[in-house]
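A.B. asks: First the structure, which I've put down as structure tokens, then a few questions once you've had a look.
The values are calculated or read from the model by the stated rules, or taken from the named source; none is laboratory data. Everything numeric in this text was worked out from a predicted model, so none of it was measured. Here the Cβ positions follow ideal geometry from the backbone for every residue, glycine too, while neighbour counts run over all protein chains shown. Please note that ligands, DNA and RNA were not included when accessible areas were found on the heavy atoms of the full protein model with its side chains. Shrake-Rupley method; radii C 1.70, N 1.55, O 1.52, S 1.80 Å.
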Amino acid sequence: MCKYILQYQPSKKYSIEREKHLLVLMEKLRLNLVLKQKKDSSPIQVYHNRQFPLNDLLDIFYPLFHADYPDNFLIHMIRTANHIFCAYDPSDRHPIACALVNNTGRQGLYLMLFGVRKSSQHHGVGTKLLERIIEWARFYQYTFIYLHVNAGNYKAIGLYKKLGSRQHEYLPNYYKDSPKENPDGIRMILSLQ
């Protein structure tokens, strides 16, 4: 368990009220670190733009999207992605979730493909991966992330909404070339400002 040590050395430069204010801020910071540590207690590690083996990525995406995209198109999406994020379970060193992200050229990002291994779904893995992507995007001052999702994929829509995305546009027949029961799509946008 990681311990955070915050020490405060009083200074003669500041008034007593200023010192009290700093102590309150330091306590809030300490509590935030403790809460973050508890929240992040799962052993998942998220990596960005490593030399991920193609087979590791396909192990995530193929079972989830093989009916929607031909193999060669999945490989093309992986090879042309500007950013690849993968969540790993350190106990077995295999990815359990991955995301392909592209720059839009307008201070934004497009979440092209996002998938969590079926055996790892409903354990917070998707939330954690998406939170890391959002955190990274804010750090690099991107202003928005947008994505497309099938209108019938309620689990994914719920995840995106939970993390702040909103429906921007309903797209009838967006997935008409896929075998999806409902071919309608939704464009969602997450503002990072």
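A.B. asks: Taking into account only those residues within segment 62-77 that are farther than 20 Å from TRP136 by Cβ, among the hydrophobic types (A, V, I, L, M, F, W, C) and in a helix (DSSP H, G or I), which is least open to solvent (accessible area, probe 1.4 Å)?
C.D. replies: LEU74
A.B. asks: Within segment 153-182, take every residue that is small (Gly, Ala, Ser) and open to solvent by 30 Å² or more (accessible area, probe 1.4 Å) and give me the one that is nearest to LEU109 (Cα to Cα).
C.D. replies: GLY164
A.B. asks: On to the next question. Quick one: which of PHE61, PHE144 is touching a residue at least 40 places away in the same chain (Cβ under 8 Å), within 26 Å of ILE186 (Cα to Cα) and either in contact with a helix residue (DSSP H, G or I) (Cβ under 7 Å, 6 or more places away or on another chain) or not aromatic (Phe, Trp, Tyr) (or both)?
C.D. replies: One residue alone meets the criteria, PHE61.
A.B. asks: Now a separate question. For the subset of segment 108-145 comprising residues that are among the small types (Gly, Ala, Ser), in contact with a Ser or Thr (Cβ under 9 Å, 6 or more places away or on another chain) and surrounded by fewer than 19 Cβ atoms within 10 Å (Cβ to Cβ), which member is modelled with the lowest pLDDT?
C.D. replies: Checked segment 108-145; the qualifying residue modelled with the lowest pLDDT is GLY124.
A.B. asks: In the set LEU33, LEU58, LEU29, which member is more than 28 Å from GLN107 (Cβ to Cβ), at pLDDT 60 or above and either of a type outside the set (Asp, Glu) or open to solvent by 90 Å² or more (accessible area, probe 1.4 Å) (or both)?
C.D. replies: Exactly one of LEU33, LEU58, LEU29 is more than 28 Å from GLN107 (Cβ to Cβ), at pLDDT 60 or above and either of a type outside the set (Asp, Glu) or open to solvent by 90 Å² or more (accessible area, probe 1.4 Å) (or both), namely LEU58.
A.B. asks: Take segment 147-178 and flag every residue that is part of a strand (DSSP E or B) and in contact (Cβ under 8 Å) with a residue 24 or more places away in the chain.
C.D. replies: Result: LEU147, HIS148, VAL149, ASN150, ARG166.
A.B. asks: Among the residues in segment 93-100, are any open to solvent by 40 Å² or more (accessible area, probe 1.4 Å) and more than 16 Å from PHE114 (Cβ to Cβ)?
C.D. replies: Within segment 93-100 (the criterion being open to solvent by 40 Å² or more (accessible area, probe 1.4 Å) and more than 16 Å from PHE114 (Cβ to Cβ)), the answer is yes, since at least one residue qualifies.
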